[in-house]
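Trainee: Got a structure for you, written out below as structure tokens; questions coming shortly.
Nothing in this text is a laboratory measurement; each read-out follows from the coordinates by a stated rule. These figures come from a predicted structure and were not determined experimentally. With ideal geometry, Cβ positions are generated from the backbone for all residues, glycine too; neighbour counts draw on all protein chains shown.
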Amino acid sequence: MAIRYLKRGRSEADTAQDDGKVRATVERILKEIETRGDAAVRELSTQFDKWTPQAFRLTQAQIEAAVSKLSPREIEDIRFAQTQIRRFAQAQLASMHEIEVETLPGVFLGHKHVPVQAVGCYIPGGKYPMIASAHMSVLTAKVAGVSRIVATAPPFEGEPHPAIVTAMHFAGADEILVLGGIQAVGAMAIGTESIAPVDMLVGPGNMFVAEAKRQLFGRVGIDLFAGPTETLVIADHTADAEMCAVDLLGQAEHGPTSPAVLLTTDEALAAATIAEIERQLQILPTAGIAREAWAQYGQVIVCDTVDEVVATADALAFEHVQVLTADPDIFLARLKNYGALFLGARTNVSFGDKVIGTNHTLPTKRSARFTGGLWVGKFLKTCTYQRVTTDSASAMIGEYCSRLCHMEHFAGHGEQANLRVRRYGTRGDVPWYEPVQALT
């Protein structure tokens, strides 16, 4: 039998039309920020967030006041999550070795890992206060050695969100802003009178923030071209409908455009999960959002073989892949395109989103085909260097380089090589622009 769709989502053509409207809005707003700086940022903050503070950057006293609003248990929970994320980021950093090798006698090549100097971290907080995004971006950048970290989140119900501010502060942010949306990422990337520009933008956000990062890429670096949260549940006959439905709706609540897909070899489970989702939507507090996401972007796909499941999952290349099968390690070994894997019923995407230690900023819109998610290495530039320590090595490399430059008709490059042959070798007769080969 062929792969069967018991439920399909919205077409790519409809989604592309929506993207075009967002693109035009973002382009206009970024131009305003570039032209008018702080004045534009303040107007935009008033328009979109009803937020007009004296200054967008929090003082130390304001940060301490925010922290004081949390209970000891809330503070302990934030510290626990940050400990797990820091440990994994430190282990990742330790795996990245700087090298220097002698490739030929007297020729030394190496690379160093150099942290990005200034990073802007966007933490979503308008609809849901995304406390965990502070851990994932600020803390990971701090472990990498970034020297200036600017963290920003929109106001929540008319004030800085205490838990987000606390998480930013504990994670090591050097500057904390209360500013959201396009105006936040635009101000950090472009710079204004009061906000010095950064070199890189990271962190998730809504479709407008994602598009702003896309348009700013090149002026600054970014972590990912992010889209709506995606979740794929791979399940077989050993899974149950309740868990499949919970793991799908648990991510569909992110937003009305968040795809949630069940991919299974068990058609009875597929039908039962569809029914269970309808039941849970009657009682889920965030059903208003999750129901729209499921109706518009939810899919249920039935395959006959594991090979078909693997091929379909790799074609989808989803952000989150939850594996509820008898042997999840089959998919760890075979899948190639995914943001993060969640192997077995004892873990889930929410663990990864909030606390377990892996990063939750992950590739979407099939970009998992060519990139992984945010990690400590994203904040490091792997920069190469070379040194030649003997005359004979310089002259020998110079002879090869001279002839290769001649093949490419690069006379100036060739003279760089010829000068070393003359100065450090026995061939003092090599003239300008003539390759060594022509004289041998």
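Trainee: For the chain, what's the relative contact order in percent, using C-alpha pairs closer than 8 Å and at least 6 residues apart? Numbers along the way, then the final one.
Mentor: Numbers: 868 pairs, mean separation 79.6, N = 440.
It comes to 18 percent, rounded to a whole number.
Trainee: I would also like to ask the following. Taking the alpha-carbon distance from Lys50 and a cut-off under 30 Å, which lysines remain once sequence neighbours fewer than 8 residues away in the same chain are dropped?
Mentor: Lys21, Lys31, Lys69, Lys127, Lys213, Lys354
Trainee: Another question, then. Determine by what factor the alpha-carbon radius of gyration of the stretch 1-123 differs from 2.2 N^0.38 Å, reporting the quotient. It would help to have the intermediate numbers written out before the result.
Mentor: On the way: Rg = 24.7 Å, N = 123, 2.2 N^0.38 = 13.7 Å.
Taking the Cα Rg and dividing by 2.2 N^0.38 Å, one obtains 1.80.
Trainee: For the stretch 29-166, what is the percent of antiparallel DSSP beta bridges, rounded to the nearest 5? Before the final figure, lay out each step's value.
Mentor: Working: 6 of 11 bridges.
So the antiparallel bridges amount to about 55 percent of the total.
Trainee: Which translational diffusion coefficient, to the nearest whole µm²/s, is obtained for the stretch 142-205 from the Stokes-Einstein equation, given a Kirkwood hydrodynamic radius over C-alpha pairs, 25 °C and 0.890 mPa s?
Mentor: On the way: Rh = 12.3 Å.
After rounding, the answer is 199 µm²/s.
Trainee: Which of the aspartates and glutamates could a cross-linker span from Lys365 if the Cα-Cα distance has to be under 14 Å and same-chain partners fewer than 8 positions apart are dropped?
Mentor: Lys365 reaches Glu12, Asp19, Glu211, Glu230, Asp314, Glu319.
Trainee: While we're looking at this one, here's another question. Give me the tail of P(r) for the stretch 309-399 as a percent: Cα-Cα pairs with distance above 17 Å.
Mentor: Details: 2503 of 4095 pairs.
Considering the stretch 309-399, 61 percent of its Cα-Cα pairs are separated by more than 17 Å.
Trainee: With both bridge residues required to lie in the chain, what share of the DSSP beta bridges run antiparallel, to the nearest 5%? Mind showing how you got there, number by number?
Mentor: On the way: 19 of 52 bridges.
DSSP beta bridges in the chain are roughly 35 percent antiparallel.
Trainee: Estimate the FRET efficiency between Glu76 and Gln386 by the formula 1/(1 + (r/R0)^6), using the beta-carbon distance for r and 56 Å for R0, to the nearest 0.05.
Mentor: Details: r = 50 Å, r/R0 = 0.89.
So, using R0 = 56 Å, E works out to roughly 0.65.
Trainee: Sticking with this one: Which of the trypsin sites (Lys or Arg not before Pro) found in the stretch 15-106 are loop residues per DSSP with 12 or fewer other Cβ atoms within 10 Å of their Cβ? Could the numbers behind the result be given before it?
Mentor: On the way: sites: Lys21, Arg23, Arg28, Lys31, Arg36, Arg42, Lys50, Arg57, Lys69, Arg73, Arg79, Arg86, Arg87; in loops: Lys50, Lys69.
Here the trypsin sites (Lys or Arg not before Pro) that fit, given the DSSP loop and packing criteria, are Lys50.
Trainee: Considering the zone a paramagnetic label at Gln416 would reach in this model (a point 7 Å from Cα along the Cα-to-Cβ line), which residues of the stretch 359-402 have amide N under 12 Å from it?
Mentor: 401-402
Trainee: Follow-up. Work out how much length Glu193 to Arg4 would gain on full extension: take 0.36 nm times their residue separation and subtract the Cα-Cα distance, in nm to one decimal. Walk me through the numbers before you get to the answer.
Mentor: Details: separation 189, 0.36 × 189 = 68.04 nm, distance 5.68 nm.
Difference between extended and current length: 62.4 nm.
Trainee: Which of the lysines could a cross-linker bridge to Lys142, judged by Cα under 16 Å and excluding same-chain residues fewer than eight apart?
Mentor: Counting by Cα, and skipping residues close in sequence, Lys142 has these lysines nearby: Lys378, Lys381.
Trainee: Name the most mobile residue of Ile397, Ile75, Ile289, meaning the one with the largest mean-square fluctuation, in a Gaussian network model of the chain with Cα contacts below 10 Å.
Mentor: Fluctuation is largest for Ile397.
Trainee: Quick check: convex hull over the Cα atoms of the chain, volume per residue in Å³, rounded to an integer? List each step's numbers first, then the result.
Mentor: Working: hull volume 88.6 nm³, N = 440.
So the per-residue Cα hull volume is 201 Å³.
Trainee: Could you quote the convex hull projected area for the stretch 250-339, Cα atoms only and averaged over all directions, in nm²? Each step should come with its number before you reach the end.
Mentor: Numbers: hull surface 23.4 nm².
About 5.9 nm², averaged over all directions.
Trainee: Which three lengths, in whole Å and largest first, does the stretch 189-327 cover when its Cα atoms are put on their principal axes?
Mentor: Answer, in whole Å and largest first: 61, 36, 22 Å.
Trainee: How far, in nm, would the chain grow between Thr46 and Leu404 when pulled straight, counting 0.36 nm per residue and subtracting the alpha carbon separation? If you can, show how the numbers build up before the last one.
Mentor: Working: separation 358, 0.36 × 358 = 128.88 nm, distance 6.06 nm.
Taking 0.36 nm per residue and subtracting the Cα distance, the gain is 122.8 nm.
Trainee: Positive end of the charge dipole of the chain (Lys, Arg +1 and Asp, Glu -1 on Cβ, about the Cα centre): tell me which of Ala40, Trp432, Val323 has its Cα farthest that way.
Mentor: Farthest towards the positive pole: Trp432.
Trainee: Rounded to the nearest Å, what's the spacing between the alpha carbon centres of the stretch 105-141 and the stretch 306-337? Just the number, please.
Mentor: Their Cα centres are 28 Å away from one another.
Trainee: Using Cα-Cα distances under 8 Å and only pairs 6 or more residues apart, what relative contact order does the stretch 331-440 have, in percent?
Mentor: Numbers: 109 pairs, mean separation 19.7, N = 110.
The normalised contact order for the stretch 331-440 reaches 18 percent.
Trainee: Moving on to the next point. Starting from the Cα gyration tensor of the stretch 377-440, take the square roots of the eigenvalues, sort them a ≥ b ≥ c, and report rounded, prolate or oblate (rounded when a/c is under 1.5, otherwise prolate if a/b is larger than b/c, else oblate). Let's see the in-between values first.
Mentor: On the way: a/c = 3.38, a/b = 1.77, b/c = 1.91.
In terms of gyration-tensor shape, oblate.
Trainee: Compute the FRET efficiency between Val306 and Asp429 as 1/(1 + (r/R0)^6), taking r as their Cβ-Cβ distance and R0 = 51 Å, and round to the nearest 0.05. The partial results should precede the final answer.
Mentor: Numbers: r = 69 Å, r/R0 = 1.36.
For R0 = 51 Å, the calculated efficiency reads 0.15.
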